[in-house]
Amino acid sequence: MAEKLEDLNLPVAVVTRIIKEALPEGCNVAKEAKLALSRAASVFVLYLTSHANKIALENGKKTITNKDVMEAIQDTEFGRFEEQLNEAAEQFRKMQNNKKEALNNKKKAKEYQTEDKASDEDVEVS
């Protein structure tokens, strides 16, 4: 658990990056506003996590799943974000699968190279 309340805040650099992506080019945001948005985002994450954890526990689970988060989104009246969140979750799953597939392909290629070297060493030339 966090020792200080500030430990629970999202990094301002991350929030700043999100702000820049959301606003049109040339729009400036004051330092205090960035800090306020960072704190608000942290409170939102804690609030939603608390609700999702409650849902998971009610269903006899110790691990919060995407389904629990989506149910918490509905319960906390943030349902209008559900479609965007589902799209983001799907993109994340695809990205994870692509990474896993690339790693497996890399391992297979390495194994194939190792087998080729081993078979080359086994060949005797008279």
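Observations on the structure shown:
- Between the beta carbons of residue 4 and residue 28, assuming R0 = 41 Å, the FRET efficiency works out to 0.90 to the nearest 0.05.
- Stretch gain in nm, segment residue 20-residue 87, where the contour uses 0.36 nm per residue and the Cα spacing is subtracted: 22.0 nm
- Structure-derived Cα extents along the principal axes in Å - corresponding label in (i) 39, 32, 26; (ii) 75, 37, 36; (iii) 80, 47, 35: (iii)
- Residues 69, 12, arranged from fewest to most other Cβ atoms within 10 angstrom of their Cβ, appear as 12, 69.
- 26 Å Cα-Cα reach of residue 34 towards lysines, excluding residues that sit fewer than 8 places from it in its own chain: 4, 20
- Each peptide in 97-108, 30-41 gets a packing score, the mean of other Cβ atoms within 10 Å over its residues, and the list from highest to lowest is 30-41, 97-108.
- When 49, 114, 63 are arranged by Cβ crowding within 10 Å, least crowded first, meaning fewest neighbours, the order is 63, 114, 49.
- Between residue 75 and residue 41, the FRET efficiency from the beta-carbon distance, with R0 = 22 Å, is close to 0.65.
Throughout, read-outs are computed from the coordinates displayed, never taken from laboratory work. Remember, predicted model here, so these are calculated numbers, not experimental data. Please note: Cβ atoms are built from the backbone with ideal geometry, for glycine as well, and neighbour counts cover all protein chains shown.
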